[in-house]
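Quick one: this structure, given as structure tokens, is what I'll be asking you about.
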């Protein structure tokens, strides 16, 4: 009961801080950035729930290439605030690099060092689990709030995607960074092309609809330099089928390279390339010259695309559904923390994960996060900073709503260098998963299938033994 009351108070306090910070930042100019930070920090100190003396059993050693704790002039995350204020927790950062973090983790475990929590990425499962780097979280479900009414219901299907021999090593508290297509409604209208978002809402947004739009865009001005799509979309195309190159039934990995739906996804990317619809120029924003219909990327490009194209009326839509798919399947990131092998702070890690889930699911937090994300600010020159409109934000929330979309995790992305390595950044030295989804013109699918399938079988054999 005490924790429940303090948790409610902490959520209200953090929400108040977020709202106050948004209000202050929307009234002040760039030159007052330092003043904004001071005011937000003062508000935090005034409003935040007073924590008890930190509990030594709740101190977590976090090995990662980034720190959960805020840096100078940064706001503390909601999850960390809850962990500290309600549970007396503390996160101690153990720095490493993205390239060395798995080697460092293995060394620390072998040395018996105090390491408790590690960031999830695709390499953690199944590769990291099979290498005995992590422990399952099932014994600590109560500490994670699994019995709390409704807290984890939305994520239950996602959790079970990562179940291994009846145990859960990866327990995502949310999904994020869906692969999307950014487009200009202004451009669509001027070209006489339907709005993809409306087609999504009507259940008509599929590969065929996208291809028809690209064909019309190109044919409207055949002498111009025009492209249908830019960016990286191969992984999203593969996921949109709902099928995986490497599947998993909870006990055994399976090679699906001969699945016709995998072949269909590769055929789609080939068609786009061979028709000359793909622009290979690297861009991190929707092109301001309007010579490309879709920018394929995650949602991180949207705010800066808005700033670069403030009058373009940009909108986002998921990569279209495969014609034979029964649902809207998406490729995205899974937000999770791993419990390190032999940690003696398992309950503390589980409690921190609970705080992450609370932060991701509480309606007050969602409202405050939306207000913060959609506050439009201009530079002193009058140009826009990166921003997201309220309509775009609502669309993004819809595209990560698990009642409307189904995320896909292909186990091939978590099986080491032979499957996911970048090699020396040439097509013939990359891992199997990137060779399947890359933008190499004129891929011979039959030849690639016959080449890659033995490699997949060889890798799977190491995990299934």
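Give me the percent relative contact order of the stretch 345-414, please, defined on Cα pairs under 8 angstrom at least 6 residues apart. Mind showing how you got there, number by number?
On the way: 28 pairs, mean separation 11.6, N = 70.
With pairs under 8 Å counted, the relative contact order is 17 percent.
Further question: Would you mind computing the Rg to Rh ratio of the stretch 130-275 from its alpha-carbon coordinates, Kirkwood style for Rh?
Details: Rg = 20.8 Å, Rh = 19.0 Å.
Across the stretch 130-275, the Cα-based Rg/Rh ratio is 1.09.
Same structure, new question: Based on the Cβ-Cβ distance from residue 271 to residue 92, what FRET efficiency comes out when R0 is 41 Å, to the nearest 0.05? Write down the numbers at each step before the final one.
Working: r = 52 Å, r/R0 = 1.26.
For residue 271 and residue 92, the calculated efficiency is 0.20.
Going by how many other Cβ atoms sit within 10 Å of their own, how do 357, 435, 185, 337 line up, fewest first? Write out the running numbers ahead of the final one.
On the way: 357 23, 435 20, 185 16, 337 26.
Neighbour counts put them in this order, fewest first: 185, 435, 357, 337.
At 0.36 nm per residue, minus the direct Cα-Cα distance, what do residue 208 and residue 165 gain on full extension? Give it in nm, one decimal, please. Walk me through the numbers on the way to the answer.
On the way: separation 43, 0.36 × 43 = 15.48 nm, distance 3.92 nm.
Between residue 208 and residue 165, full extension yields an extra 11.6 nm.
So what is the relative contact order for the stretch 125-275, in percent, with contacts set as C-alpha pairs under 8 Å and at least six apart?
Values: 101 pairs, mean separation 22.9, N = 151.
Relative contact order for the stretch 125-275 comes out at 15 percent.
Hey, quick one: spin label on residue 385, modelled 7 Å out along Cα-Cβ, who in the stretch 271-305 has an amide N within reach, i.e. under 18 Å?
300-305
Rounded to the nearest 500, what is the chain's calculated 222 nm mean residue ellipticity when only DSSP H runs of at least 4 contribute -39500 (n - 2.57) each, over all residues?
On the way: 18 runs with 193 residues, N = 465.
Calculated at 222 nm, the ellipticity per residue is -12500 deg cm²/dmol.
Please express the shape of the stretch 197-255 as an equivalent ellipsoid: the semi-axes are the square roots of 5 times the eigenvalues of the C-alpha gyration tensor, given largest first in whole angstrom. Mind dumping the intermediate values first?
Working: eigenvalues 220, 48, 12 Å².
That gives 33, 15, 8 Å for the three semi-axes.
What distance in nm separates the two pseudo spin-label positions at residue 444 and residue 290, each 7 Å out from Cα along the beta-carbon direction?
Between residue 444 and residue 290, the simple spin-label model gives 4.4 nm.
Dividing the Cα radius of gyration by the Kirkwood radius, what Rg/Rh value follows for the stretch 265-423?
Working: Rg = 19.6 Å, Rh = 19.3 Å.
My calculation puts Rg/Rh at 1.01.
Give the label of the value calculated from the structure for P(r) over Cα pairs in 10 Å bins from 0, in percent, choosing from [x] 4, 18, 27, 27, 18, 6, 1, 0; [y] 4, 18, 26, 22, 16, 9, 4, 1, 0; [z] 5, 22, 33, 25, 12, 3, 0.
Only one option fits the structure, namely [x].
What do the square roots of 5 times the Cα gyration tensor eigenvalues come to for the stretch 109-209, in whole Å, largest first, as semi-axes of the equivalent ellipsoid?
On the way: eigenvalues 337, 64, 30 Å².
After scaling each eigenvalue by five and taking roots: 41, 18, 12 Å.
With 10 Å bins from zero, work out the P(r) of the stretch 98-139 over every alpha carbon pair and list the percent per bin.
Values per bin, smallest distances first: 25, 64, 12, 0.
Now, a different point. Quick one: if the Förster radius is 25 Å, what FRET efficiency do residue 363 and residue 55 give, using the C-beta to C-beta distance and rounding to 0.05? Mind dumping the intermediate values first?
Numbers: r = 29 Å, r/R0 = 1.14.
With R0 = 25 Å, the Cβ-Cβ based efficiency is 0.30.
May I ask you to order 294-305, 392-403, 264-275 by the average number of other C-beta atoms within 10 Å around their residues, highest value first?
294-305, 264-275, 392-403
Further question: At what distance in nm do the modelled label points of residue 100 and residue 453 sit from each other, each positioned 7 Å from its Cα along Cα→Cβ?
4.3 nm
Compute the distance from the alpha-carbon center of the stretch 273-299 to that of the stretch 115-172, in whole Å.
37 Å
Moving on to the next point. How much length, in nm to one decimal, is gained on full extension between residue 149 and residue 247, taken as 0.36 nm per residue of separation minus their Cα-Cα distance? Don't skip to the answer; put the middle values down first.
Values: separation 98, 0.36 × 98 = 35.28 nm, distance 3.17 nm.
Fully extending the segment from residue 149 to residue 247 adds 32.1 nm.
May I ask you to work out the translational diffusion coefficient for the stretch 337-385 at 37 °C, viscosity 0.692 mPa s, via Stokes-Einstein with Rh from the Kirkwood sum over Cα pairs, reported in whole µm²/s? Mind dumping the intermediate values first?
Working: Rh = 13.9 Å.
It comes out at roughly 236 µm²/s.
Please compute the contact order of the chain in relative form: average sequence separation of alpha-carbon pairs under 8 Å and at least six residues apart, divided by the residue count, as a percent. Mind showing how you got there, number by number?
Working: 771 pairs, mean separation 102.1, N = 465.
Relative contact order here is 22 percent.
Quick one: in the stretch 233-312, what % of C-alpha pairs are over 16 Å apart? The partial results should precede the final answer.
Values: 1988 of 3160 pairs.
The answer is 63 percent, as a whole percent.
FYI, it's all coordinate maths here, none of it is from the lab. These figures come from a predicted structure and were not determined experimentally. Ideal geometry is used to build each Cβ from the backbone, glycine not excepted, and the neighbour counts take in all protein chains shown.
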